[in-house]
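Any read-out appearing in this document is the output of simple, stated calculations on the displayed coordinates, not a laboratory observation. All of these numbers come straight from a predicted model, not from anything done at the bench. As a convention, Cβ positions derive from the backbone with ideal geometry for all residues, glycine included, and neighbour counts pool all protein chains shown.
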Amino acid sequence: MTSSFATSSSPAMSVEAAKQLAGVTAVDNHVTSETRVVGIGSGSTIVYAVQRLAERVREEGLDLRCIPTSFQARQLVQQHGLVLGDLETHPAIDVTIDGCDECDSSMTLIKGGGGCQTQEKVVAA
């Protein structure tokens, strides 16, 4: 994939462009032809990741099941024509794509206190 985005060191990169770059990069770096089950987190950046997943499914014929962590993520998966899965039928997730609210230089991540946090912890357990 050829990216038209500025690099992360560019001060002119908008927040939305950074979110799009993060979502697309997460999919391109972590979803392979061997990936079968993808956990879909929540938040504004996941929109771009799901869009990229849908592109790759169409372009590469990937056979994926997407397990969402929230009602909104479930709707997003369905809107993009991706196949929904659940933990009962797919208890092993190959990769989960989700964001964080804060990150320090040691890569210590902080998840927000939003409505999806409890469900994400249950799904990850």
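When each of 60, 55 is scored by the number of other beta-carbon atoms lying within 10 Å, the sequence from fewest to most is 60, 55.
Counting every other Cβ atom within 10 Å of each residue's Cβ, 106, 44 order from fewest to most as 106, 44. When only Cα pairs below 8 angstrom with a gap of at least 6 residues are kept, segment 15-124 shows a relative contact order of 29 percent. Look at 30, 80 and count the other Cβ atoms within 10 Å of each Cβ; fewest to most, that gives 30, 80.
Seen through its C-alpha gyration tensor, with square-root eigenvalues sorted a ≥ b ≥ c, segment 15-124 comes out oblate because a/c lies at 1.5 or above while a/b is not bigger than b/c. In this label model, residue 60 and residue 34 are separated by 1.3 nm, measuring between points 7 Å along each Cα→Cβ vector.
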